Amino acid sequence: MSGCSSEEQTPEVQKLESSELHILGSFCQGDYYRISGSEFSFFESGKRNVIFDNVKLVDIGSRRIEMTSNYKGLITKTTLLLESESNVIRFENVTYDLPNDIANRDGKLAFLAKNAANITSAPKMTLCPTKSPQEKVQG
């Protein structure tokens, strides 16, 4: 699960975990993102690409969910905002938690800042129902 049992999950976390994230305006067609178990994946042209593993979701209030992942010692915290009562979500904020000696090495800080800006400027996403088992993509 995503860091808590199903009894502890809020409706917002459950909604996010049970949905595909498609670009707003795509009418739930084409490539999409999905949080399943402990993975945040991108499904593109029939192939699954795991972006983050060891993902945990926490409802931090005000319709915001914090997605935390740990990749090779780099802890990434992404805040997702569920807009009003709709099925629209956007990447609101990205922060990284890593030791200063690593952050200051080889321009890593500038790279991470650019990466965070790219994520937060991504288009809004629509929460769409997951595909039926016959339509699911094998990764």
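Annotations for the structure displayed:
- Orientation-averaged projection of the stretch 11-129 equals 7.8 nm² [convex hull of Cα atoms, one quarter of hull surface area].
- Inter-part distance, the stretch 44-63 to the stretch 14-41, computed on C-alpha centroids, equals 8 Å.
- Ordering of 86-95, 121-130 by packing [mean C-beta count within 10 Å, highest first]: 86-95, 121-130
- Given +1 at the Cβ of Lys and Arg, -1 at the Cβ of Asp and Glu and no other charges, the dipole of the stretch 11-129 around its Cα centre is 220 debye to the nearest 20.
- With a simple spin-label model that places each label point 7 Å from the Cα along the Cα-to-Cβ direction, the separation between N54 and S84 comes to 4.0 nm.
Computed from the coordinates by the stated procedures, all read-outs in this text should not be read as laboratory data. Worth saying up front: this structure is predicted, and the values here are computed from it rather than measured. As a convention, Cβ positions derive from the backbone with ideal geometry for all residues, glycine included, and neighbour counts pool all protein chains shown.
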